[in-house]
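Here's the structure we're looking at; comments come further down.
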Protein chains: 2
Amino acid sequence: MMADVQRLETGNGPRAAILNAAMQLFGKQGYTGTSIRDLATEVGVLPGSLYAHIQSKEALLVEIVADGIHRFITAVEPHAHGAGSPVDRLRAMIVAHVEVVAENPERSLVVFHQWRFLGESSLPAAIERRQVYEGCFIKVMEEGVGQGLFKPEINQRIAVFTILGALNWTPEWLSPDGRLSAQEVGSLMAETLLRGVLA
Amino acid sequence: MMADVQRLETGNGPRAAILNAAMQLFGKQGYTGTSIRDLATEVGVLPGSLYAHIQSKEALLVEIVADGIHRFITAVEPHAHGAGSPVDRLRAMIVAHVEVVAENPERSLVVFHQWRFLGESSLPAAIERRQVYEGCFIKVMEEGVGQGLFKPEINQRIAVFTILGALNWTPEWLSPDGRLSAQEVGSLMAETLLRGVLA
DNA sequence: ATGCTTTTAACAAACGTTTGTTTCTTGGCA
DNA sequence: TGCCAAGAAACAAACGTTTGTTAAAAGCAT
């Protein structure tokens, strides 16, 4: 087993350290509940020193959220447009989602809960990306129903929200160091969630 | 001096108006993202005037969260200890949960997301109540497996977290004025979630 | 000495809260 | 009915602190 798994921001240097600390604090205390002084203390630097590396507190949030959504989309979207059956694709999407969460639960908490605090200039883009992500699940769900693989009488909107809700809540309890691997947890969740919609 | 905890009453008095506005704002902007001035503006009063009715900003959160958890437990716990089969009981619990959410989604958002910001004096009690609530679902799940009604090979912990995750996410999208009633949405979700665990 | 980075110090604004006073409403008593 | 004391509620202003951020000076490598 690798001794030093780098599941933090790629690249080193003070900027990555700041982004990492911000992810941790924003996830734990929320964006508005975290002060620049909190962040400086965590990094081990005086407050003003941060501004040699960041443009603003909000720029940190923008970067964390944008990068976070990107990771989810990158991991899940290929499966949505894959070649297999909607059932297999949905299963792969669920597993992929859980794996991204396990990679860094705090970052996922920021992505799912703190995006509201983005400024007016960056909020629309984030919302659009989120809709792209949800659209992946809606698309596969529709195809599954269309091919008669999923129960025809299910409410697709509610089925998707049920699945996404279960997935979005995972950073709240999933432990990357738990007994089960992310892949195993994802498979178990996929099993449960898929049986709920199968024809 | 000990301040008597007053129960959250719907409707009358300026105090209820403040609690209502606080629920709305805490749910939308978060506890730390909502200022006393925000709250005063929403109520239509100057900031200082609020303190004729409340003890502190945090006391508002304490009351909203405590009352909120109480509503969920009151609505769901009877079904957990009911007489029917675990299947029927779990279904009833899911429907009841969704109905409480629909009753006031903003309050549910506060209960699920803002409890972290409770002070050290009130946080343990809130966590304990939450565990009581989750315990209801764990109990029924265990009984279902024990009676051979639920799949024996499911991971109970993960199955419960999957169900609770889907439920806890509902305030994020559920609209009380939507086409479907809360009872209908709850039934659809129960249908989907139950089929995931049935033997 | 040239570039980064950090320190130091300070800024204006917003924070939760308290205070003294005014305004509005209400009920008892002549 | 008229008068007035009492209560409730809001106002206006300020408190000490914390907020995000900035500018100037100092440290330290190359």
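Go through B:177-184, B:55-62 and give me the packing order, highest mean Cβ count within 10 Å leading.
Peptide ranking by packing, descending: B:55-62, B:177-184.
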Share of chain B's accessible area from carbon and sulfur, percent, 1.4 Å? 53
Comparing the chain by itself with all protein chains present, which residues of the stretch A:15-32 are at least 20 Å² less accessible (probe 1.4 Å)? A:Lys28, A:Gln29, A:Thr32
Principal-axis tilt of helix A:182-195 within chain A, Cα atoms, nearest 10 degrees: 40
For the Cα atoms of chain B, what angle does the longest principal axis make with the long axis of helix B:57-80, in degrees from 0 to 90, nearest 10? 20
Along Cα→Cβ, 7 Å out, is where each label goes; now give me the distance between the ones at A:Arg15 and A:Ser35 in nm to one decimal. 2.8
Calculated from DSSP H runs of 4 or more alone, at -39500 (n - 2.57) each and per residue, what is the 222 nm mean residue ellipticity of chain A, nearest 500? -20000 deg cm²/dmol
If one takes the longest principal axis of the Cα atoms in chain B, at what angle in degrees, from 0 to 90 and to the nearest 10, does the Cα axis of helix B:123-146 lie? 10
Going residue by residue through the stretch A:87-102, the Karplus relation 6.51 cos²θ - 1.76 cosθ + 1.60 with θ = phi - 60° gives ³J(HN,Hα) values, rounded to whole Hz and with x marking Gly or Pro, of 5, 5, 5, 4, 4, 5, 5, 5, 4, 4, 4, 5, 5, 5, 4, 5
So, in Å, what gap is there between the alpha-carbon centers of the stretch B:151-172 and the stretch A:35-99? 24
Just to confirm the numbers: B:Ile127, label point 7 angstrom along the Cα-Cβ line, distances to the other copies in nm, shortest first? 3.6
With the other protein chains left in place, how much accessible area per residue, in square angstrom, belongs to the protein assembly as shown at a 1.4 angstrom probe? 46
If you take each beta carbon of peptide A:113-124 and count the beta carbons of other chains within 10 angstrom, what is the mean? 1
Please report, to two decimal places, log10 I(q)/I(0) for the stretch B:1-147 at q = 0.15, 0.19 Å⁻¹ as given by the Debye formula with identical point scatterers on the Cα atoms and no solvent. -0.78, -1.10
Semi-axis lengths (Å, descending) of the ellipsoid that matches the C-alpha gyration tensor of the stretch A:71-114: 23, 9, 7
The set of residues whose placed amide H lies less than 5 Å from the amide H of A:Leu198, leaving out same-chain residues fewer than 5 positions away, is A:Lys151
Can you compute the charge dipole magnitude of the protein assembly as shown about its Cα centre, using +1 on each Lys and Arg Cβ and -1 on each Asp and Glu Cβ, nothing else charged? Give it in debye, rounded to the nearest 20. 60
What are the semi-axes of the equivalent ellipsoid of the protein assembly as shown, taken as the square roots of 5 times the eigenvalues of the Cα gyration tensor, listed largest first and rounded to whole Å? 34, 30, 19
In range of the label at B:Gln156: residues from the stretch A:168-199 whose backbone nitrogen is under 14 Å from the point 7 Å along Cα→Cβ: none
Relative contact order for the stretch B:80-199: what percent, with Cα pairs under 8 Å and sequence separation of 6 or more? 48
Quick one: net charge of A:Ala80's neighbours, Cβ under 9 Å, K/R +1, D/E -1? +1
Inter-chain shielding of A:187-199 (mean C-beta neighbours from other protein chains, 10 Å cut-off): 6
Taking both sides together, what accessible area is buried at the B/A interface, probe 1.4 Å, expressed in Å² and rounded to the nearest 100? 3000
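The values are calculated or read from the model by the stated rules, or taken from the named source; none is laboratory data. Here the structure is a predicted model, which means the values were calculated and not measured. Cβ: placed from backbone, ideal geometry, glycine included. Neighbour counts: every protein chain shown. These area figures cover heavy atoms from the full protein model, side chains too; ligands, DNA and RNA do not enter into them. Shrake-Rupley method; radii C 1.70, N 1.55, O 1.52, S 1.80 Å.
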